Structures are given as C-alpha cells and as structure tokens.
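Here's the structure, in structure tokens; my notes come after.
Every number here is computed from the coordinates shown, using simple stated rules; none is lab data. The model shown is predicted, which means the values in this text are computed figures rather than measured ones. Heads up, the Cβs are rebuilt from the backbone with ideal geometry, glycines too, and the neighbour counts pull from every protein chain shown.
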Amino acid sequence: MRRVAFILLVLGLAACTTISDMRKPERPQYFVLEKDYVRTQIRGLANVKHTEGLRAGKYTAVAEDDDGTYFQGAGRSVILLYNEYADAYNQTGQISESTIKADPGVLSVGGLWLPKPNSNMAPRLFYPIHNPTDGSKLGAVGILVVKATEGALAYRPFESERAFTESIRVISE
C-alpha cells in the first residue's frame, strides 16, 4: 500500500505545471485594474478569514491553455491574506511592510486566469508555489515534493467574483 501511495504521489507531482511549460498566447493582450480588487471569505473548519485578490495595475497575457488565458501582473500582484492580516488590509486598504516581512507569501507574483468565452470553467487566481524549506526534514519524500512543486502553479478559485471578471475589458494589441 505504501508503494502505491508513493507512486501516486510521484505521478501527481509530475503533473505540476509552470508558466514556462505552457504555450505562449496567440496574440498580445492585457487588461488594467484601476484599483485593488479583493474578496473576503470565511473558510475551513477553523473559520479562517481569507482576503485575496489582485493589486491595481496592468495584467499581460503570458500563457494560455485549451480553456483560457493567464494574465500576469507586474511584480507581486496577487494578494493572499488571512486572519489578522486580512483584517488590517480590510481596514486600511494597505499591506504593511511588517506584514510582508512576517509572511512573504501574502503577496505573490501571478495574476488571473480567464476562461475563453465558450468555456464552462471558472476564473481563478494563480501564483507559483515557493516552498519555505528544502523538505529535508521529511526525508527523501519531502525533498522530492519540494523539488517537484517549486515554481509550479497554485490556484485559488475566483468563480464567486464573476461580475468582476466579466467586467474586465481585455485589450488586444
């Protein structure tokens, strides 16, 4: 049984995708957010408050797959806050330097994946995984997991924000 679990783990990790693994967009496209856009939700058994979304700025098409296009912002454009960090942002509209220092993952490189017009898929935030350690404390399997996932894309469903995503005007250059 352990051997089967290990094989499934390895196969699952082999499916991890990075932006550089994807095909380039067919044509240059972008959209601009005039201000930050976030949503706040309470999730999980522990009722954790999550505030997540996108910072203001230009988002450029960097890759595409069969169902949609990946639009990436400049710099660390994806907001991923939780609990007291979410509360502070919701009160001030700012992410403090002390928050970023305490948890660098609250801002990430990435952006928004938008489905093609005929797709039934929902929009989602995307960002690359950056592991805080090399996994060696978990032995060979831990190291394997870290190596396989480093830089792979992680996603946050954004289907609850359809009105927002449908209001985005993508511009073709």
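For a footprinting-style exposure proxy, rank ASP21, ASP36 by other Cβ within 10 Å, fewest first. Could you put the intermediate results ahead of the total?
Numbers: ASP21 11, ASP36 16.
Going from sparsest to densest Cβ surroundings: ASP21, ASP36.
Report ³J(HN,Hα) in whole Hz for each residue of region 105-119, in order, from the Karplus equation J = 6.51 cos²θ - 1.76 cosθ + 1.60 where θ = phi - 60°; Gly and Pro get x.
Once rounded to whole Hz, the list reads x, 6, 10, 9, 5, x, x, 10, 8, 10, x, 5, x, 8, 7.
Where does the charge balance sit around ASN47 when Lys and Arg score +1, Asp and Glu -1, over other residues with C-beta under 15 Å from its C-beta?
Net charge around ASN47: 0.
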